[in-house]
Amino acid sequence: MKLKTVDVGRSSILLNRRRAASGSTQEHSNVAWFKLAEFVKRGEKERALSLYRLLTHSISDQSFLKKLEADIWASFDKKQAEIFYNEAAHLYKKEGRFQEALLIFESLALKNPETLTYLEKVVTLSDQLGWMQKKIVYQKKLYLLWLTKGKVEKAFDQFKAVEE
């Protein structure tokens, strides 16, 4: 599956350049993806979501679909987008696609630096993938956040984990 990112101003939509399962031509598939990006760029939420629902029938990857839905919502409602990104990351994790899950959780952690849950998930997934530098960076962020929130014992535990 070849993916291409198209900048649509306030967010990015991943464009899927494969033929739809229904057998429609490549051109029709591409037109739908570009229309979707265009609707998002113009702020036409209902039209974008309607076209997204239509596209869901030609894609079987539920994790990808949930992330795409989050990408669309990111232009209209940040809180709703965060919910969908979280769901997409959990789906990726459930499927054993830890790298995709990590990237989503890392993005959420950067957008919500005060949210312990996202930092913890980045640390855990980084460890599972063997990405030790990333793990250490986020463990330190987690350590400092625990201290900021007055959770000294948790911070101490996190510090000990960094040292190991």
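The values are calculated or read from the model by the stated rules, or taken from the named source; none is laboratory data. Since the structure is predicted, the reported quantities are computational estimates derived from the model, not experimental observations. Quick reminder, even Gly has a Cβ in these numbers, built from the backbone with ideal geometry, and neighbours come from all protein chains shown.
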Notebook entry, point to check: Take the residues of region 41-80 that are of a type in the set (A, V, I, L, M), assigned to a helix (DSSP H, G or I) and free of Cβ contacts under 8 Å to residues at least 60 places away in the same chain: which is surrounded by the fewest Cβ atoms within 10 Å (Cβ to Cβ)?
Noted result: Leu54
Check: Only one of (1) surrounded by fewer than 21 Cβ atoms within 10 Å (Cβ to Cβ); (2) out of contact with any Phe, Trp or Tyr (no Cβ under 9 Å at 6 or more places or on another chain); (3) in a helix (DSSP H, G or I) is not met by Ala37, so which one is it?
Finding: (1)
Item checked: Selection from region 104-150 of residues that are among the small types (Gly, Ala, Ser), surrounded by fewer than 21 Cβ atoms within 10 Å (Cβ to Cβ) and within 25 Å of Leu68 (Cβ to Cβ) -> Ser107
Check: Of these, Ile13, Ile83, which one is within 19 Å of Lys111 (Cα to Cα), modelled with pLDDT under 85 and β-branched (Val, Ile, Thr)?
Finding: Ile13
Check: Looking only at region 112-138, which residues are more than 20 Å from Lys93 (Cα to Cα) and in a helix (DSSP H, G or I)?
Finding: Gln133, Ile136, Val137
